[in-house]
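These notes concern the structure reproduced below.
Every number here is computed from the coordinates shown, using simple stated rules; none is lab data. Since this is a predicted model, take the numbers as computed values, not measurements.
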Amino acid sequence: MAVRAVVALALLVPVVGCSSPAPRPFTPVDLPASAPSTSVRAAPTPRVETVEVAPGVQVVVEWPAVADPDTTGMINVFRDYFAGSFKAVVTGGRDTAYLETVQDGASRDAYSWVQEFLDQRRSVRGTARLYALNVSSVTGPGAQLDVCVDESGMRLVDSGTGEAVGEQPDWTREPYFQLAGVRKGDDGAWRIKLLRHAELPSERAKGCLR
């Protein structure tokens, strides 16, 4: 069973041409003058979102502690694509809402990924996790979103019987690195234009180990 992209890390190219901006540090608001000098304001904590795809199938998103509106939009569209493509699989291809989140090359890759499950009469159950989400570069209306994906909590099953298949694919064993090239359209909506991935032992994938 194929994973979500079809090229090796050696073929990864930046989605946009500018260099990655430095991560935005959290800067606390000045404390009142009356506050003790030892007082500090707690940094915001990351939040965890759980998306119920279907009974027994869910996607957990570990959001960054701070996300501006554009970053939030990019993460939202990747979450919707990711969860939506699994929903397409578990519904036997009847739910196609995930196709609204992709365009250009990403549309072909996303459709092919779902179709391979359907052709082989395969489905999934379990939990997938998205974490370490980071916007690594921005140029105009385009950006590159980096994501770590852990599908080790999922199992490939026979879509007819619901039983786990005997030999589980590699993507159910180790996390991998996913790159999504996204673009903000004239309607204000973010969509994914490009999908690339890297598996262990690549250095990018090693950054997803924890």
Filtered residue count, segment 137-155, keeping only those that are more than 19 Å from the chain's Cα centre (by Cα) and part of a strand (DSSP E or B): 1
Residue satisfying all of: in segment 48-91; small (Gly, Ala, Ser) and assigned to a helix (DSSP H, G or I); nearest to the chain's Cα centre (by Cα) among these: Ala83
